[in-house]
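Chemist: I have a structure here, written as structure tokens, and I will follow up with some questions on it.
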Amino acid sequence: MKDKVNKAKEVVLNGGVILYPTDTIWGIGCSSIMESAIKKIFRIKRRDNNKLLISLVSSIEMLERYVKNIPEYVLKYLYDQSPTTIIYPKVTGLSQILYGKNESIAIRLVKDNFCKALIDQINAPLISTSANISGNPFPKKFKEIDRKIINGVDYVVNFDDCDLKNSKPSRVIKVLLNGQIEIIREWLTQIKKFKN
């Protein structure tokens, strides 16, 4: 694994885009502070650049660099074993192209060993978006990834077509300014709102 981390680090720090296994599904990634690399991901996926991309962090300490006031009620999601992406308002320090309404950015505390090691090496959040052309189904296995995606990235991190534990996108919740949490995507694709 160390060789793959080092190679991916070199590519990412030089503004490249990687194809890699995450704690959920196969993803396309780059540095979350390099706008040119982020724009390349949009081109590879043929995706509108007004759609939010997810940034992965390796620790709560790294998350706190960008999200100054993490609500206490969010901690249960950070420690949950189910991969959970949280859209935080008022995030600072990342590429402007990543921001949505209220300076919000989607961030996930990742638990996958490869991802954590790579993020620690680049010392910045890593972009993660599904390895599919926009509008197409996301691939559950490496062999399902569109050849256009594979040819479009700068480095493929292939662990011999490893079986990903979850093979489905993360849960997504949004921290609202009024003290509520909105569940955008649950494991069963339910959408609901509740007060903390």
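Chemist: Placing +1 at every Lys and Arg Cβ and -1 at every Asp and Glu Cβ, with all other atoms neutral, what dipole size does the chain have around its Cα centre, in debye to the nearest 20? Walk me through the intermediate numbers first.
Modeler: Values: 32 positive and 20 negative charges, 115 e Å.
In total the dipole reaches around 560 debye.
Chemist: To the nearest 10 square angstrom, what accessible area does residue 62 show with a 1.4 Å probe?
Modeler: Result for residue 62: roughly 10 Å² accessible.
Chemist: Counting only helical runs of four or more DSSP H residues, what would the 222 nm mean residue ellipticity of the chain come to if each run contributes -39,500 (n - 2.57) and the total is spread over all its residues? Each step should come with its number before you reach the end.
Modeler: Working: 6 runs with 51 residues, N = 196.
Result for the chain, helices only: -7000 deg cm²/dmol.
Chemist: Where both partners of a DSSP beta bridge lie in region 1-123, what percent of those bridges are antiparallel, to the nearest 5?
Modeler: Details: 8 of 12 bridges.
Restricted to region 1-123, the bridges split so that about 65 percent are antiparallel.
Chemist: Mind scanning 4/143; 76/174; 9/116; 9/168; 101/174; 40/148 and naming the pairs with a C-alpha gap bigger than 21 Å? Each step should come with its number before you reach the end.
Modeler: Details: 4/143 19 Å; 76/174 14 Å; 9/116 12 Å; 9/168 25 Å; 101/174 12 Å; 40/148 13 Å.
With Cα atoms farther than 21 Å apart: 9/168.
Chemist: How far is helix 35-45 tilted off the main Cα axis of the chain, in degrees rounded to 10, range 0 to 90?
Modeler: 70 degrees
Chemist: If I stretch the segment between residue 176 and residue 134 completely, what's the gain in nm (0.36 nm per residue apart, minus their alpha carbon distance), one decimal? Walk me through the intermediate numbers first.
Modeler: Values: separation 42, 0.36 × 42 = 15.12 nm, distance 2.69 nm.
My answer for the length gained is 12.4 nm.
Chemist: Can you send over the carbon and sulfur percentage of the accessible area for the chain, probe radius 1.4 Å, protein chains only? Before the final figure, lay out the partial values.
Modeler: Details: 4520 of 9830 Å².
Its accessible area is 46 percent carbon and sulfur atoms.
Chemist: Here's something else I'd like to know. Heavy atoms only, probe 1.4 angstrom, no DNA, RNA or ligands counted: give me 143, 68 ranked by accessible area, highest first. Don't skip to the answer; put the middle values down first.
Modeler: Values: 143 155, 68 130 Å².
Per-residue accessible area, sorted high to low, gives 143, 68.
Chemist: Using only Cα atoms, tell me the angle between helix 2-13 and the longest principal axis of the chain; keep it within 0 to 90° and round to the nearest 10.
Modeler: 70 degrees
Chemist: Hey, of [x] 45; [y] 34; [z] 40, which did the structure itself give for percent of Cα pairs over 24 Å apart when calculated?
Modeler: Working out percent of Cα pairs over 24 Å apart from the coordinates points to [y].
Chemist: By how many nm would the segment from residue 146 to residue 70 grow when fully extended, if each residue of separation counts as 0.36 nm and the alpha-carbon distance is taken off? Kindly include the intermediate steps, with their values, before the conclusion.
Modeler: Working: separation 76, 0.36 × 76 = 27.36 nm, distance 3.74 nm.
Working it through step by step, the gained length comes to 23.6 nm.
Chemist: Please give the contour-minus-distance gain from residue 158 to residue 33: 0.36 nm per residue of separation, less the Cα-Cα distance, rounded to one decimal in nm. Can you show the working numbers first?
Modeler: Values: separation 125, 0.36 × 125 = 45.00 nm, distance 2.44 nm.
Working it through step by step, the gained length comes to 42.6 nm.
Chemist: How far, in degrees from 0 to 90, does helix 113-122 lean away from the longest principal axis of the Cα atoms of the chain, to the nearest 10?
Modeler: 90 degrees
The values are calculated or read from the model by the stated rules, or taken from the named source; none is laboratory data. Small disclaimer: the values here were computed from a predicted structure and weren't measured. Note that each Cβ is placed from the backbone with ideal geometry, even for glycine, and that neighbours are counted across all protein chains shown. Accessible surface areas use protein heavy atoms only, side chains included; no ligands, DNA or RNA. Shrake-Rupley method; radii C 1.70, N 1.55, O 1.52, S 1.80 Å.
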